[in-house]
């Protein structure tokens, strides 16, 4: 995936695709910063982490721009998200997320909302980069609330 990312960056330069090039450079910069600060190796996992963070930032921006009625900036951020999503693994369907949560709940056997951390520790490696963690967290909270 990292190789594809680098190839696409070169292709964007050659084709003078400014939007794609800007987005890819932003991700590459974030990867290099993360690599240096946390002594992480430049690999697919780091790429997925950085892309996920960039998508989250843009989703947060879309919410704010929508409040300010800035349709132009909302559209630009959505285009950037579409570019970024090309570098994520295939996203899990809701049924697949529910199945993973069922398995984790069987392992952890939570009794209250205090077990949220233990559940997240089990779920995170299984869904990282493959699902929106906000959605996963909401589903876990909903299940924990139904226990009481």
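So what's the back-of-envelope 222 nm ellipticity for the chain, counting only DSSP H runs of four-plus at -39500 (n - 2.57) apiece and dividing by all residues, rounded to 500?
Computed mean residue ellipticity for the chain: -26000 deg cm²/dmol.
Using only Cα atoms, find the angle between the long axis of helix 18-38 and the longest principal axis of the chain, and express it within 0 to 90 degrees, rounded to the nearest 10.
Between helix and principal axis, roughly 60 degrees.
Note down, for the chain, the three equivalent ellipsoid semi-axes (square root of 5 times each alpha carbon gyration tensor eigenvalue), biggest first, whole angstrom. Could you put the intermediate results ahead of the total?
Working: eigenvalues 214, 77, 34 Å².
Taking √(5λ) for each Cα gyration eigenvalue gives 33, 20, 13 Å.
Which percent of the Cα-Cα distances in segment 2-85 go past 16 Å?
Every Cα pair in segment 2-85 considered, those over 16 Å come to 54 percent.
Do you know the relative contact order of the chain, to the nearest whole percent, from alpha carbon pairs under 8 angstrom that are 6+ apart?
20
Between the helical axis of 71-85 and the dominant principal axis of the chain, each derived from Cα atoms, what acute angle in degrees is found, rounded to the nearest 10?
For 71-85 against the chain, the angle is about 80 degrees.
If we count other beta carbons within 10 Å of each Cβ, what is the order of 85, 122, fewest first?
85, 122
Is segment 41-92 best put as rounded, prolate or oblate by its Cα gyration tensor, with a ≥ b ≥ c the root eigenvalues, rounded for a/c under 1.5, and otherwise prolate when a/b is larger than b/c, oblate when not? Intermediate results must be reported in sequence, preceding the final value.
Numbers: a/c = 2.96, a/b = 2.42, b/c = 1.23.
Prolate, because a/c is 1.5 or more and a/b exceeds b/c.
Determine the distance separating the Cα centre of segment 1-46 from the Cα centre of segment 114-148; give it in Å without decimals.
Here the two parts' Cα centres lie 29 Å apart.
Which whole-number percent is the relative contact order of segment 94-147 (Cα, under 8 Å, 6+ apart)?
46
First measure r as the distance between the Cβ atoms of residue 107 and residue 45, then evaluate 1/(1 + (r/R0)^6) with R0 = 35 Å and state the FRET efficiency to the nearest 0.05. Display every interim value, and only then the final one.
Values: r = 23 Å, r/R0 = 0.67.
For residue 107 and residue 45, the calculated efficiency is 0.90.
In whole percent, what relative contact order does segment 34-92 give with Cα contacts below 8 Å and a gap of six or more residues?
It rounds to 36 percent for segment 34-92.
Given the Cα-Cα distance of residue 25 and residue 133 and 0.36 nm per residue of separation, how much length would full extension add, in nm?
On the way: separation 108, 0.36 × 108 = 38.88 nm, distance 2.46 nm.
This chain segment gains 36.4 nm when fully extended.
Using the alpha-carbon atoms, what tilt in degrees (0 to 90, nearest 10) does helix 116-127 show relative to the longest principal axis of the chain?
The angle comes out at about 50 degrees.
Please work out how much length the chain gains when fully extended from residue 10 to residue 76, using 0.36 nm per residue of separation minus the C-alpha to C-alpha distance, in nm with one decimal.
21.6 nm
Each value in this text was obtained by applying a stated rule to the coordinates, not by laboratory testing. Note that the structure is a prediction, hence the values are computed from the model and not measured. Using ideal geometry, Cβ is built from the backbone for each residue, glycine included, and neighbour counts are taken over all protein chains shown.
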